[in-house]
Every structure is written in C-alpha cells, then in structure tokens.
Amino acid sequence: MYRHLRWLTIVVPVVGAAIFEILRFTVVPVLFPGLSSDGWGGSAILLLFVLAGGAIFSQGVFKIIDNQHHEIIRERQKLQSAFTYTSDGIIMIDRNLKILSINPAAEKITGWKADETIGKLTCSVINKCKFETEATKKYCSEACLNPECGHSQCWGRLVFEKQCSIPYVEMCISDREGCSKPVAVSYSYIPGDGYNEPQVEIILRDITERKKLEKAMHDMAVLEERYRLAREMHDGLAQTLCFLNLKCKTIENKLSKTGELLSEISEVKSVIQEALEEVRFNIFDLKANPQLQQSFSLWLKDYGCKFADNFRIPVEVIINVKDEWELPTAVKIHVTRIVQEALTNVRKHAQATKVRIELTEKSGEMVLVISDNGIGFVKEKVEKIGKKHFGLSIMEERAGLIGGSLTILPNEPAGTTICLTIPRTGKRTENVS
Ligand SMILES: Nc1ncnc2c1ncn2[C@@H]1O[C@H](COP(=O)(O)OP(=O)(O)OP(=O)(O)O)[C@@H](O)[C@H]1O
Ligand SMILES: [Mg+2]
C-alpha cells in the first residue's frame, strides 16, 4: 500500500501540472478573456490548482495512512491480548537464546516474573526435564529446555540451527520453587521477515490436572482389577478348596471305620483349611481398598468391622481426630496398607482375642496406634532368625515414604503395639503400590 503512495507522490504533481498547462491555454482564455495566461493571473491560477490538488491529495493520502495505522494498532492489540490472556505459556527467544518476552501464563507455570527473565539467560525459568520419555529421547537425550544451559543439544539451539519445530513433548520442569511440574512443550521456528529477526516460540502447557485425572483413572483401574481378582478367587479357588475340604471329611468318615490313613487325611485337611483361610483373607484384602473419595477414618471403621466379622477377632476403632484430616490419596493408600499388614500379623501370629485401633491428633501429627492382646514378640529376635519376613520392613518403608515413623512396642499387660505417626505435611510421594 505504501509503495503505491510513494508512486502517487510523483504521478499526481506531474498529472496536475499537465492538466494545468492544458487548461491554461484552452479553457482559461475562453472563460476569463481578460486574464493573460502569462504573468500574475496565470501564476495565481497555477497556485490555486496546486493548492487544491495538494489538499485533495494529502487528504486522501492521510486518510489511507490513518486507516492503515488504526488497522495495525488493532491487529497489534489483538495479538497482544492473545499473548496476554491465552492459557498457554508463551516464551519468545532470540538467536542468542535470550528470552525476549514471556506471557503471564508462562509466568504462572514457571513461577518467574517477566522482569526477572527478559534479556537474561536465567537457568531457572525452564529447567531440565526430570524424566526421560520416548519424545525427549528423540529430540535430545538430555532434554534440556533451558536456553542458557550451554548444552550443545539445547532444544532452542537445535530449532534455530535446523529451522525446524519440535511438536508437543510431555515432560516435567522445575518451577521457581523447585517443584516438579508436568508440562507439554512445543518449539516453533519463526523466520525473520526483513524487519524482524528470526525467533523461536516456546509454548508451555500446564498438564497437572490432566496427569491427576490420568492417575485417578489408573487408580480406579487398579481397584477394578483387584475386585475382579477377588471375584475370580472367590468363584474359583475358594470353591475348589471348599470342595476338597468336604471330600476330605467324607474320606475321613469312611476311613475312621478302619482307622487307616487317618493322620495323613487330617494333615491334608488342615493344609486345605489353612489355604482356604489364606484365600478368604486375600479376597477380603483385595476388596478392602479405600475408595478415593472415602475419608480415612470411615474406611478404618469399616475395615475394623469387616475384619472382626471375617476372622472373629473383635476390633475396637476409636477416632479422636477433631477436624477430619483429609489425607492425600497417595498417603491414604500407604497408611491403609500398613493397617492391613498389622492386622494380618495379628491374625497370623498374635493369637489375640482383641484388637484396638486408635486414631488421635498430637502436636500437628496424626497418630495411629494398633494394639493387640496376643502373645507379643521381640522384633530383634525375629530379625535374627533369618527366615524371610517382609511385612514389618515394608510397613517401616511406607511410613518413611509419607514422612512419618513407625514404632513397635510390647503392649501392656500382653501383646503388641504398633504406633504410626502421619505428619500433616507428609513428604510427597507418587510411587504408590
Ligand atoms: N502382632 C504380632 N503378634 C505376634 N507376633 C508378631 C506380630 N506381628 C509380627 N509378629 C512376628 O514378627 C514376625 C515378622 O513379621 P512380618 O510381618 O515381618 O513377617 P511375616 O508376617 O512372618 O511374613 P510376611 O512377609 O508375609 O509379612 C512374624 O513372623 C511374627 O513372628
Ligand atoms: Mg506379616
């Protein structure tokens, strides 16, 4: 458009002068016979024409320029609004891999403010990926998002050199506070256009919510699978063992008349009985998972009741927590597994007639005490025996993972007490099994 205007500035005066010359020698002498085409009269008319032509022309030109100017401002505002209000983080970097601009969404994702990052090559804005994925492996084995890292395979450099794009890669970055954040990242090469240097646009999308949803769906799938296994064990293995038990009883009855093989049969019967108990407990355990939305204390009461019903060992559950603490799902799963193992040990080893579970709050921590009135045991002695026992050590490991602690003490006057502390701000853990 402006190129045309440049031509018009030459064409219009030339055409104007030509028209004037024609008029001066044809129309003017007819209309104004008194006026000579030479001298002041001619000059005045020339001036008049030039002024009128100039005014009309400049009006037109200024109108076009004004319209163009407003158009450009509107376009710029549109782009600026998109840059400011988009929910995707946008970071522009130049050929030297310095940050040119960073939008509010990127500030929110990375935790860094624009004035802390623009022009600076800061290491903390977008940091190294913590996990290697297929996609990160494809583009760069060290998958570095940080333009300042100096790493020869830095993605920003790679995109500039190859003038390519890196589409959608999922990874975890460390934000300003050092917290790991799952993001989807893409790099796009934007070529220079004569006025602007080439740039690279980095788009960051916070995928924390999506990851949470995926995790919840995964947990749900695990629960469903456990239910399926429990059903299958109930309908298959448990029925078979019941059948074998019955058959053994019939054989025992028949053999009792002759007195043959009685001890062998009663041995087989007790092994089947044990296996049946084990299967029944596994079915019970597979089904006894906390629902994701269910509060921990509710689950505890429910589990205590079911355990008592199934294994005929009375369980008293006391909840002394004023405002219900909502444990994060990962912590909840570790704590429920600890409770399950503690009660399994009671059932298998304690010969107890009573179990008491108490949940209290003490100086900012949740304290869970499980005690039985059984035969008790000395932990150190168990460790020395050398036989493989995993339950207690896994319980301790789980307590450590949630940032708590587990102590095993003798119960007074008899039995065992297990004390688990669960901190309010337990260590974050993602590895739940
Ligand atoms: N409540 C309890 N009362 C009495 N003895 C217990 C109790 N809890 C644990 N024990 C003893 O401690 C030992 C170790 O327990 P641990 O749970 O580590 O292993 P386990 O139950 O023998 O086997 P698993 O690896 O299947 O759990 C048990 O074999 C048992 O002798
Ligand atoms: Mg055990």
* To do: For I402, enumerate residues with amide H under 5 Å from its amide H, sequence gap 5+ or separate chain, H modeled in the peptide plane.
  => none
* **Cleavage-rule hits, GluC sites (Glu not before Pro), the range 235-328, DSSP coil, Cβ neighbours within 10 Å at most 15** => E260, E324, E326
* Cβ-derived FRET efficiency at R0 25 Å, V61 paired with I22, nearest 0.05 -> 0.55
* **Pairwise label distance in nanometres, R280 with A44, each label 7 Å out on the Cα-Cβ vector** => 12.6 nm
* Asked: Given labels modelled 7 Å from the Cα in the Cβ direction, how far is it in nm from V14 to K254?
  -> 12.4 nm
* How much FRET efficiency would the formula 1/(1 + (r/R0)^6) give for R312 and M220, where r is the Cβ-Cβ distance and R0 is 51 Å, rounded to 0.05? -> 0.95
* Take each of the peptides 212-218, 73-79, 341-347, average the number of other beta-carbon atoms within 10 Å over its residues, and list them starting from the highest. => 341-347, 212-218, 73-79
* Treating only the Cβ atoms of Lys and Arg (+1) and Asp and Glu (-1) as charged, compute the dipole magnitude of the range 209-287 about its Cα centre; round to the nearest 20 debye. => 260 debye
* With r defined as the distance between the Cβ atoms of K212 and K379 and R0 fixed at 35 Å, what FRET efficiency is calculated, to the nearest 0.05? -> 0.35
* If you take the square roots of the eigenvalues of the alpha-carbon gyration tensor of the range 294-433 and sort them as a ≥ b ≥ c, do you get rounded (a/c under 1.5), prolate (a/b over b/c) or oblate? -> oblate
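Determine, for each peptide in 330-336, 237-243, 197-203, 392-398, the mean count of other beta carbons within 10 angstrom over its residues, then list the peptides with the highest first.
On the way: 330-336: 22.4, 237-243: 14.7, 197-203: 18.4, 392-398: 16.6.
The packing order, highest mean first, is 330-336, 197-203, 392-398, 237-243.
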* Roughly speaking, what is the stretch gain from I72 to L51, that is 0.36 nm per residue apart minus the C-alpha to C-alpha distance, in nm to one decimal? -> 4.5 nm
* Between Q239 and C419, what is the label-to-label distance in nm when each label sits 7 Å out along the Cα-to-Cβ direction? -> 4.9 nm
* Among rounded, prolate and oblate, which fits the range 236-331 when a ≥ b ≥ c are the square roots of the eigenvalues of its C-alpha gyration tensor, a/c under 1.5 means rounded, and a/b larger than b/c means prolate? -> prolate
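Just so you know, all these numbers are worked out from the coordinates, no wet-lab data involved. Everything quoted here is computed from the prediction, not taken from an experiment. Neighbour counts are summed over all protein chains in view; Cβ atoms, including those assigned to glycine, are modelled from backbone coordinates with ideal geometry.
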